[in-house]
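Below is one structure, written out as C-alpha cells; the observations come after it.
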Amino acid sequence: MTFHPITKNLLSWYQKNARQLPWRAIASPYRTFVSEIMLQQTRVETVLPYFERWMQTFPDINALASADEQLVLKMWEGLGYYSRARNLHKAAKLIVEKHNGQLPSSIEDLQKLPGIGPYTAGAIASIAFDQPAIAIDGNIRRVISRLSKITSTLSTPEFENACQETLKDLLPKTHAGDFNQALMDLGATICTPKSPVCSDCPLRKFCQAYSAGVQAQLPYRKRKAAVPHHIVTAGVISQNHQVLLCQRPNNALLGGLWEFPGGKLEKDETLAEALMRELVEELQIQVAVKQPIGVYDHAFTHFKITLHAFFCDILSGEPTPTEAQNMQWVSLQDIEQYPMGKVDRLIANQLKKL
C-alpha cells in the first residue's frame, strides 16, 4: 500500500505518539461509539472519568438499551449537552431492535441513528470498522486549514469544501481510523489553536501556512456575536423535611433533568417578583420569598445565566406542575439520585451543608 507522503509521515508520527486513551486501549465498536458521542463539543480530559464510569455501569449495548433513562442521565450528569445522553440511549435501543445488538458499520446506517451526524458517522466507521471515511472535527479543520493554507472563513461552504478536497487526497484506503485519530491528536497536542508547536510537527515541511509564517492566524474565524445574559431565579420549597423538585420536559434544554422551580427575570421585575410570578405559572402556588441561598453563574452554548436561589414558603395553593413533566418531594438524603444540571446540583449540595 502506497501512502501520500503527508499521510505516511502522519501515520509514522501517530504510531509513536498516539495519546493513551481508554477507548483505544480496549477497543470495540461500542466503546468507540460511546467515546465519540461523549467527545462531541467536550474536551478529552473532561470525558475520561465519565467514560470509565459509563463502561462500568453500561458495559455493552444491551446493558445501555435496557437501562432506565433516569440512570442514563445520572451517569451523564455534569458532562453537559444532555440530548447526547438521551440520543445515545435511543440509539442503543434501535441497535438492539433493528441490528441484533451490533453497531452498523456503514456511514449511511450510522447516520440513521439519533445523535449521529456526518463527523461522528465518519469517525465511528473509520475507527471501529476501518472504512475509508473522512471525519472532520475542530482539530482536523485547524490542521488542514494550516496544512493547505485555507484562507476562507471557518464554517463557510468554501472552507468545508477546501477541507474535503485536501482530505480526499490524503485519506488512505486502509488505516483510515489511524489517519483520522492522528489528525485529531496532532491538533490536540501540537497544531493547537494558540502557539502551535511547529518545531515538533511531523507535517512541518508540507505545511503551507508554516512556510508563509501565518500558521498562528489560521483558521480565520467570524467575529462572535455578543452572548445573551439572563438573570434567573429558583425557589427552594420545603415540606416535611423534603424539597420540591420539578422534572424538565424531554424536548427542552436539560430535558429529563430535575430542578428547583423558577425562571427568568422580566423587565422591571425584582428577583422576588419574578420568582413569585414563575411559581404561579409553573406550579399554581402563591409563595413568600424568604432568605437567599446563593448566586450561581453558568454558561450554556448560546447564552449565560446568573441564578439567584431563595427559600420560599407556600402561602396558598397545592403544587401542580403546568410546564414540568413531573414533580417530586425529595429528601436531601435522596436528592443525589435525581439527575440535575450543574447549577441545581450546586444548590442541592449547598442545602446539605446548611
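Coordinate-derived values only; no laboratory data. Everything numeric in this text was worked out from a predicted model, so none of it was measured. With ideal geometry, Cβ positions are generated from the backbone for all residues, glycine too; neighbour counts draw on all protein chains shown.
A compact table of results
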quantity	calculated
Estimated inter-spin distance, residue 8 and residue 305, nm [label 7 Å along Cα→Cβ]	5.6 nm
The stretch 180-209-the stretch 252-298 distance, computed between alpha-carbon centres (Å)	47 Å
Set of aspartates and glutamates near residue 290 by C-alpha distance (under 14 Å), chain-local residues within fewer than 8 positions excluded	273, 313
Identified option (computed volume of the Cα convex hull per residue in Å³; candidates (1) 139; (2) 162; (3) 129)	(2)
Most mobile listed residue (91, 212, 274) in the chain, GNM with C-alpha springs under 10 Å	212
Convex hull volume per residue for the stretch 113-246, taking Cα atoms only, in Å³	201 Å³
Proximal lysines relative to residue 222, as straight alpha-carbon distance under 23 Å, when same-chain residues fewer than 8 apart are discounted	149, 194, 304
Antiparallel bridge percentage (DSSP; both residues within the chain; nearest 5)	70 percent
FRET E, pair residue 342, residue 16, Förster distance 41 Å, beta-carbon r, rounded to 0.05	0.60
q = 0.12, 0.17, 0.23 Å⁻¹, the stretch 6-71: log10 I(q)/I(0) [Debye, one scatterer per Cα]	-0.39, -0.69, -1.05
Of all DSSP beta bridges in the stretch 222-354, antiparallel share, percent nearest 5	70 percent
Binned Cα-Cα distances of the stretch 5-212, short to long, each 5 Å bin given as a whole percent	1, 7, 15, 19, 19, 15, 11, 7, 4, 1, 0, 0
Span from the the stretch 1-27 Cα centroid across to the the stretch 91-167 one, whole angstrom	18 Å
For the chain, calculated [θ]222 nm from helices alone, where every DSSP H run of n ≥ 4 adds -39500 (n - 2.57)	-13000 deg cm²/dmol
